[in-house]
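Throughout, read-outs are computed from the coordinates displayed, never taken from laboratory work. Every value quoted in this text rests on a predicted model; they were computed, and no experiment measured them. Glycine also receives a Cβ, built like all others from the backbone with ideal geometry; neighbour counts cover every protein chain displayed.
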Ligand SMILES: [Zn+2]
């Protein structure tokens with residue numbers, strides 16, 4: 001597959017106007033924003049949402065990823081606030 005670099009410069013995702021990444025192995029253009037995958041046929045990118053492939057749903061990634069929570073390490077934060085200063 002050969003794609004005109006000038007063409008690639010001006011191509012954007014027709015759905016979200018995001019920039020595109022070329023997948024030379026699969027002859028596809030992948031939107032960096034919404035992830036839609038556009039086919040390239042005869043070296044011509046088919047920039048049609050109707051022709052694009054929907055990305056695999058990766059919704060579980062966000063729920064499964066549990067980075068260490070910096071908050072709630074010790075109970076010290078909640079205590080000091082409520083003390084009335086009598087005197
Ligand atoms: Zn897009």
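In table form, for the structure just shown:
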{"quantity": "Cβ-derived FRET efficiency at R0 41 Å, residue 83 paired with residue 33, nearest 0.05", "calculated": "0.25"}
{"quantity": "Cβ-derived FRET efficiency at R0 25 Å, residue 56 paired with residue 10, nearest 0.05", "calculated": "0.35"}
{"quantity": "FRET efficiency, residue 19 to residue 68 (Cβ-Cβ, R0 25 Å, nearest 0.05)", "calculated": "0.20"}
{"quantity": "The range 1-56, Rg to Rh (Cα coordinates; Rh as Kirkwood inverse mean 1/r)", "calculated": "0.91"}
